[in-house]
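Enquirer: What follows is a structure written as structure tokens; I'll ask about it next.
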Amino acid sequence: MVVEDVGAAGKPPGDVSYVLLAIVVLAPGLGAVQALLVKARDPADFALSAQELDHERHREFDPMNPTRYATAAAASPLIGLTGRRKSAAIMTAPRGFSDAPIDVYFAEFATSVQGAGALAVHLPLDGDARALVARLDGLVLVGGDDVDPRRYGQAPGPFTTVVDPACDQFETDLVTAALERDIPILGVCRGQQILNVVLGGTLQQHLELGEGESHGSYAYPRAHRVHDVEFTEGSTHAAVYGTRTRVNSFHHQAVDRPGDGVTVVGRAPDGTAEAIEIAGTSAIGVQWHPETFGNDPIFTWLARTASAKAGLTRNDNAQEVAR
């Protein structure tokens, strides 16, 4: 199923305003229209070798025909994926259901997570964030429309997209609970931005088209890499990608003032913040869309980190019971 979400007329769209494969769940209770299988992979060591990194970067991947994976082992980490609440009118629902609420999830995130050896689960917008996080081993915050500028002390500007206060609150609660539990977090595009805002940071509200790397341009296919990102030596991102990688770009906002504990560890040639890490945690963000590339090594990092942390937690619990 292909879902197209277009931005407001006359305004640059948010970072989800392009055609993507999506898993759609009719709410309430009509079930998912697509299920993904999982590839088994040993996530015991989350440090990528140079050979693995090169292999992951160059594997062929067709998002219209995702690889079918073998069933994952029961011990595979469980990764939660955020989505969006929309109207069934966007999927040409049958008569009587066009105004029904649906949850929309971008399938490439689940494919990427499961391809890295983890299990993916979609998180409903009206779920209990703290209860959900208690069951998870990792969290992915996906792209979307702008975070409400009032959350970082500013008013909406002339280029602000549609704002979803319920989504902002749900993701804020997810981040807070995930940081408390110390599970790995990967924020993608808007996901990186909400991470920074939750920790007290601010955003650049609009990056002009035609200036710098023209980050908000939708001229290219989603998996086309348009500019480099250079990483700080010793950062998690550098361990995953090396000192430099090339990325796509579909954002008209970016991290401005970093929040508490937030460090910008990757920048575009024009200085725009492209990658962040949060001190003392396994929470990181990227401003581009790695899920579109297929087998991007950042998802291997996520699966291996989640597996390692979950194993430690399970061992601690077992020792506590033994006492």
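The values are calculated or read from the model by the stated rules, or taken from the named source; none is laboratory data. Treat the numbers as computed from the prediction; the structure is a model and nothing was measured. When we count neighbours, we look across all protein chains shown, and the Cβ atoms used for this are built from the backbone with ideal geometry, even at glycine. All accessible areas refer to the heavy atoms of the entire protein, side chains included, with ligands and DNA or RNA removed. Shrake-Rupley method; radii C 1.70, N 1.55, O 1.52, S 1.80 Å.
Enquirer: Taking segment 245-273 as the search range and keeping residues that are within 18 Å of residue 230 (Cβ to Cβ) and small (Gly, Ala, Ser), which one is farthest from the chain's Cα centre (by Cα)?
Expert: Residue satisfying both the conditions and the ranking: 271.
Enquirer: Tally the residues that are in contact (Cβ under 8 Å) with a residue 24 or more places away in the chain, part of a loop (DSSP other than H, G, I, E, B) and hydrophobic (A, V, I, L, M, F, W, C), restricting the search to segment 213-264.
Expert: 2
Enquirer: Do you know which of the residues in segment 90-137 that are over 16 Å from residue 188 (Cβ atoms) and acidic (Asp, Glu) is farthest from the chain's Cα centre (by Cα)?
Expert: Selected residue: 99.
Enquirer: Hey, another quick one. Against the condition among the small types (Gly, Ala, Ser) and more than 14 Å from the chain's Cα centre (by Cα), how does residue 87 come out, does it pass?
Expert: yes
Enquirer: Of the residues 304, 244, 267, 257, which single one is crowded, with 22+ Cβ neighbours inside 10 Å and at pLDDT 95 or above?
Expert: Of 304, 244, 267, 257, the one residue that is crowded, with 22+ Cβ neighbours inside 10 Å and at pLDDT 95 or above is 304.
Enquirer: Would you check which residues across segment 224-236 are open to solvent by 30 Å² or more (accessible area, probe 1.4 Å) and touching a Gly at 6+ places or on another chain (Cβ under 8 Å) and list them?
Expert: Once the filter is applied, which keeps residues that are open to solvent by 30 Å² or more (accessible area, probe 1.4 Å) and touching a Gly at 6+ places or on another chain (Cβ under 8 Å), segment 224-236 yields 230, 232.
Enquirer: Give the residues of segment 189-212 that are buried (at least 18 other Cβ atoms within 10 Å of the Cβ) and in a loop (DSSP other than H, G, I, E, B), sorted by residue number.
Expert: Across segment 189-212, the qualifying residues are 189, 199, 201, 202, 205, 207.
Enquirer: Suppose we filter 90, 79 for residues that are at pLDDT 90 or above and of a type in the set (Val, Ile, Thr); which single one remains?
Expert: 79
Enquirer: Which members of segment 161-188 meet the condition of being surrounded by 17 or more Cβ atoms within 10 Å (Cβ to Cβ), of a type in the set (Gly, Ala, Ser), over 20 Å from residue 257 (Cα atoms) and in contact (Cβ under 8 Å) with a residue 60 or more places away in the chain?
Expert: Result: 178, single match.
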